[in-house]
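Here the structure comes first, spelled out in structure tokens, and everything after it is commentary.
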Amino acid sequence: MSIVAVFDIGKTNVKLSAASDDGHVLETLSTPNIVKDGPPYRHHDLVELEAWLIDSLTALGKRHDIGAIVTCAHGSGGVLVDGQGAAMPMIDYEQPIPADVDARYRAIVGSYRERASAIMLGAAHLARQMLWQEMHWPETFAAASAYLATPQYWAFRLSGVLAGEVTSLAAQSHLWASADGRPAALVASRGWQRLMPPMRRAWETLGPLKPELARRCGLKATTRILCGVHDSSANLYRYQAADLSDFTVVSTGTWIVALSDRNGVDFSVEQPGHSCNADVFGNPTPGMLTMGGREFSSVAAKASGPASLQALRMIVESGTFALPTFGSDDGLFPGTARRGRLEGPHAEEESVRFTLAVLYSALLTVACIRDLPPARTVVLDGNFVVDPLYGAIVAALLPDRRVLVSRSTTGTATGAAMLAAHESRASPAALAAKAPDISGLPELSSYQQRWQTLIKTME
């Protein structure tokens, strides 16, 4: 069986996994995703990260017969490139944007159908990052040869081939009108077509690993470099490869990202938290996103898990609530940014804070799911499913759906690895998910209704 090295770039951590091409993760190495303050702005150290990648490929290559390498990453990272590397440092998407750039951007970015997501804070959109570099470093920008989303940047560094890819550009880049399957009008109006390389499929082999890198890492000269994929879209693909349909996948980590294969959405109408992503085949994919991991951390504070049924009953019976939003972005609830608060008789008790954070995260998840077209099946994946109460609460609040919980937390890496066998897969992949145990839970629907009512008083 072929072994795939999956380079998985999250906002908080970076991982390199060895996985079989049917998605079974065999080994994972990880490192924090470190951000430097500058100059010229807060940025990721690509040189340092590349050194870690080469060392880690070398280490994994001694224990696994690696035949392909694929990168998956969050949707708010990109790199301006020239020649063989970065022309400018990779902007940290939480870096505030200069006022002149922000004002100009909002004036030119266009309608929601063109953007496919809300205009978010910081430097969250690749188009806004490009405009900043164009306005403040015009000569460097003019000399650049391409602008690449993170997965395709690393594919370029490993293979030397420039490529674009639909799931990466459809993930709130504002460079791709996902509903219409074309570049956003902003690309042509700014003359950025020259920076957009040819589109390739996520599973396509761009070429072999560069010979000098193959020698350094001790890998085969024939090691394939795949085009790469947006992380949550990789997770969606995992279940598409299992022939699942009429479903929504919820990926959890720094962000809660919900993607559905259902249609029936008017992608010309903007709504809080909504997006129009794309799957690996280029189909418009209704999505929801909110920074659930950060919200969880704000509520849990220093408390540790696991969540307990006893604490959950105490929270529900006493009317103790976590109300959004603790972060600087409104997320799903307009007007609530930085107004998040805890209230109720047990709000300050450390013994219940972790369970309260799990409950709050489940409520955010259900809000995302309920705002998408109704799908028969909901699959929960990612960091949150480590705690059994998270999936159980979501399932209890969605009695009209079949809720499944992934048996692992490696959905992103699993889906990305499975791309390596996309063209040779002869039968559906195994569906590695199960229904959660909801026995013993308190009645939650009334609590949810009170939570929703309290939020409306904040908006």
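Here are some notes:
- If both residues of a DSSP beta bridge must be in the stretch 3-227, then about 75% of such bridges are antiparallel.
- Pairs beyond 28 Å (Cα-Cα), from Lys15/Lys456; Lys15/Lys62; Lys36/Lys302; Lys15/Lys434; Lys15/Lys210: Lys15/Lys456
- Percent accessible area from carbon and sulfur atoms, the stretch 176-304, protein chains only, probe 1.4 Å: 51 percent
- Using alpha-carbon coordinates, inclination of helix 46-61 to the longest axis of the chain, degrees: 90 degrees
- Under 5 Å from the amide H of Thr248 lie the amide H atoms of Thr377, Val378, Val379, each residue being 5 or more positions distant or on a separate chain, with H modelled from the backbone and absent for Pro and chain starts.
- Solution diffusion estimate, µm²/s, Stokes-Einstein, the stretch 233-457, Kirkwood Rh from C-alpha pairs, 20 °C, viscosity 1.002 mPa s: 120 µm²/s
- Peptide ranges 382-390, 136-144, 8-16 listed from the most packed, as the mean C-beta count within 10 angstrom indicates: 382-390, 8-16, 136-144
- Cα centroid separation, the stretch 265-321 to the stretch 331-400 (Å): 6 Å
- Put a dot 7 Å past the Cα of Arg182, heading toward its Cβ, do the same for Glu212, and the two dots end up 4.1 nm apart.
- The relative contact order of the stretch 233-457, computed from alpha carbon pairs under 8 Å that lie at least 6 residues apart in sequence, is 25 percent.
- Average accessible surface for the stretch 137-220: 37 Å² per residue, computed with a 1.4 Å probe over protein heavy atoms with every protein chain in place.
- Rounded to the nearest Hz, the phi-derived 3J(HN,Hα) couplings of the stretch 91-108 under the Karplus curve 6.51 cos²θ - 1.76 cosθ + 1.60 (θ = phi - 60°) are 5, 6, 5, 8, 5, x, 9, x, 4, 5, 5, 4, 5, 5, 4, 4, 6, 10, where x marks glycine and proline.
- CD proxy at 222 nm, helix term only [per DSSP H run n ≥ 4: -39500 (n - 2.57); per residue of the chain; nearest 500]: -9500 deg cm²/dmol
- Net charge of neighbours whose Cβ lies under 10 Å from the Cβ of Val280, counting Lys and Arg as +1 and Asp and Glu as -1: -1
- Convex hull of alpha carbon positions in the stretch 1-108: directionally averaged projected area 8.6 nm².
- The residues neighbouring Pro374, those whose beta-carbon lies less than 10 Å from its own, together hold a net charge of +2 under the Lys/Arg +1, Asp/Glu -1 convention.
- Sorting 115-124, 396-405 by average packing, meaning the other beta carbons within 10 Å per residue, from highest down gives 115-124, 396-405.
- Of all DSSP beta bridges in the chain, antiparallel share, percent nearest 5: 70 percent
- In the context of the full set of protein chains, residues of the stretch 233-457 present 40 Å² of accessible surface per residue (probe radius 1.4 Å, heavy atoms only).
- Net charge of neighbours whose Cβ lies under 10 Å from the Cβ of His43, counting Lys and Arg as +1 and Asp and Glu as -1: -1
The values are calculated or read from the model by the stated rules, or taken from the named source; none is laboratory data. Since the structure is predicted, the reported quantities are computational estimates derived from the model, not experimental observations. FYI the Cβ positions are ideal-geometry reconstructions off the backbone, even for glycines, and counts take in every protein chain you see. Heads up: the accessible areas ignore ligands, DNA and RNA and are worked out on the full protein's heavy atoms, side chains in. Shrake-Rupley method; radii C 1.70, N 1.55, O 1.52, S 1.80 Å.
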